[in-house]
Amino acid sequence: MSRDRTEIDDLLVRRATEGLDADDARRLARLLAEDPDADAEWVDRLVGELDAATVADDEGALPADLRARLVAAVPTGADPGPAPTRKGRRRAPAERPERGGRAAPRWLAASGWAAAAAVAALWLIPGGAPDPGPLDFPAVAALSDAVVARWEPGGDPTGAEVSGEVVWSTVHQTGVMRLRGLAVNPPGEFQYQLWIFDRERDERYPVDGGVFDVAPGSTEAEVPITAKLHVDDPTLFAVTVEPPGGVVVSDRERIATLASVSD
Amino acid sequence: MPDDPEQDGPIMGGVVDLNRWRANRGDPPLARLARDEPGAAEACVDAYGPLVRGLARRLLPEGADVDDLLQDVFVELWRSAGTFDPARASDRGFVAMIARRRIIDRRRHGERRIDTVPLAPTRDRATDDHERTVGRVAAAPALRALDRLPEERRRWIVMAVVEGYSHRDIARATDTPLGTVKSGIRRGLHDMRAWLATPAASEEATP
């Protein structure tokens, strides 16, 4: 076994048993990108089989109220579509009501965005372009062109305690937000909306990244990004507080959180 | 748990025999969930809920919000069900894999929770845990593979996977250098993987 493959396996074992810190996760992503033949999930699968074989089911069925809540949380019965697309319905009403053509954008004075963005951190993961696989956060982060940026409070009280990361792959046009500490929202009153600023576009016209909710009781929300337009070179991710269903153009009055991608 | 014709036969003492499942049975609830079939959510919660809850209770400190975690896991399961490949994993193994990722993530990000993880297991306790687990070998191929390992590596894997101890705690509890524990666990898992890929593994698992 090559030294790098041994290191990959060491990291895979630690990921499955203890978890990895950010540095090691980036190191693993880089090694996997450089070795596309490596099986990135063999330890996870084997440990999963051990778990399945050693966890006793002798506690019996779940309590009725918990069972009902879990069943209600799984949004089956809708048109599934292809697997990657289904991620867009996770937890959040990612499909907003149909809207007409885009109204004239009103992203004025974008310098405010840029100033706020200066506080955020970034990692770039170089390398090739492996198969994206399951598009959860670790899977996207392992893509060779993945860009990861940290969330920082954006000024609105809903994001005062926010932390987490956003990961984006331009090659695969997919990404995932992992948000902790973002306030639970009553969907009938307001929803969160993601905007993606693209270096290749006029900064007054960020790309609509989708509407999402933070469900009651959640300590962490992992939300797939459903960009409505192609994003070539993201520079800033912003989450705003908007009316239910989202808006075509945000007035930027309530910015919950920002994640900046620096050069 | 409601009657489910798919659950007689392949489940033996709470352990799925993957080979019998492949040979004799139809789709597990997970595959039905991938197709968004009516009733699939109920079937999955009934089939896998106790597994996920049991795994969370095993790996998370006492007092952790297991119910909230379960909701995250089942939503994630719905998202990921389309990637389930019965040629590479059992349905329960796949569910446990998804659940473990969430649990590990929660442990790493819940600083106050991680502080309550019991540290420094005694050698006696580690041995007891190992014996209890190996005693449940039943027909699960993964446990058969585990049982073939040298005693020391087997015990370290049980401590790391089943008991949730860090490699550092295992090294401390067994008076073994950390590097030896890490390489032993890695090599042990490698040996298990290699054996599970042999025809012998399938033959031994076939009733």
Helices (runs of 4 or more DSSP H) contained entirely in the range A:30-111, each with at least 3 residues that are at pLDDT 85 or above and surrounded by fewer than 20 Cβ atoms within 10 Å (Cβ to Cβ): A:64-73
Residue list for the range B:51-65, restricted to those being over 12 Å from A:Leu62 (Cα atoms), without any contact (Cβ under 8 Å) to a residue 60 or more places away in the chain and either more than 7 Å from chain A (Cβ to nearest Cβ) or not in a helix (DSSP H, G or I) (or both): B:Ala56, B:Arg57, B:Leu60, B:Pro61, B:Glu62, B:Gly63, B:Ala64, B:Asp65
Check on B:Arg102, modelled with pLDDT of 95 or more, in contact with an Asp or Glu (Cβ under 6 Å, 6 or more places away or on another chain) and within 10 Å of chain A (Cβ to nearest Cβ): no
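A quick yes/no check of all residues on (1) free of Cβ contacts under 8 Å to residues at least 40 places away in the same chain; (2) among the aliphatic types (A, V, I, L, M):
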| site | (1), (2) |
| --- | --- |
| A:Phe212 | no, no |
| A:Ala215 | no, yes |
| A:Ala221 | no, yes |
| A:Lys228 | yes, no |
| A:Asp232 | no, no |
| A:Thr240 | no, no |
| A:Arg252 | no, no |
| A:Thr257 | no, no |
Test: residue in the range A:190-206 that is hydroxyl-bearing (Ser, Thr, Tyr), in contact with a Ser or Thr (Cβ under 8 Å, 6 or more places away or on another chain) and touching a residue at least 60 places away in the same chain (Cβ under 8 Å): yes
Of the criteria (1) crowded, with 20+ Cβ neighbours inside 10 Å; (2) more than 9 Å from chain A (Cβ to nearest Cβ), which one B:Pro86 fails: (1)
Test: A:Arg14 is over 30 Å from B:Ala43 (Cα atoms), without any contact (Cβ under 8 Å) to a residue 40 or more places away in the chain, of a type in the set (Lys, Arg) and not assigned by TED's automatic domain parsing to the domain that holds A:Ser163: yes
Test: residue in the range B:37-50 that is in a loop (DSSP other than H, G, I, E, B), at pLDDT 85 or above and within 9 Å of chain A (Cβ to nearest Cβ): yes
Residue in the range B:178-192 that is under 29 Å from B:Ala34 (Cβ atoms), at pLDDT 90 or above and not β-branched (Val, Ile, Thr) present: yes
Scope the range A:209-226; condition crowded, with 19+ Cβ neighbours inside 10 Å, at pLDDT below 85 and out of contact with any helix residue (DSSP H, G or I) (no Cβ under 8 Å at 6 or more places or on another chain); matching residues: A:Ala221
Residue within the range A:235-256 that is in contact with an Asp or Glu (Cβ under 6 Å, 6 or more places away or on another chain), within 14 Å of A:Thr158 (Cβ to Cβ), of a type in the set (D, E, K, R) and surrounded by fewer than 23 Cβ atoms within 10 Å (Cβ to Cβ) present: yes
Residues (assigned to a strand (DSSP E or B), within 14 Å of chain B (Cβ to nearest Cβ) and either surrounded by fewer than 23 Cβ atoms within 10 Å (Cβ to Cβ) or more than 17 Å from the chain's Cα centre (by Cα) (or both)) located in the range A:179-195: A:Arg180
Condition check for A:Val261: buried (at least 21 other Cβ atoms within 10 Å of the Cβ) and touching a Pro at 6+ places or on another chain (Cβ under 6 Å): yes
Single residue of the range B:65-83 satisfying the filter (under 18 Å from A:Ala215 (Cβ atoms) and of a type in the set (A, V, I, L, M)) that is surrounded by the fewest Cβ atoms within 10 Å (Cβ to Cβ): B:Val66
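The values are calculated or read from the model by the stated rules, or taken from the named source; none is laboratory data. Owing to the predicted nature of the structure, the values given are computational and were not obtained by experimental measurement. Please note: Cβ atoms are built from the backbone with ideal geometry, for glycine as well, and neighbour counts cover all protein chains shown.
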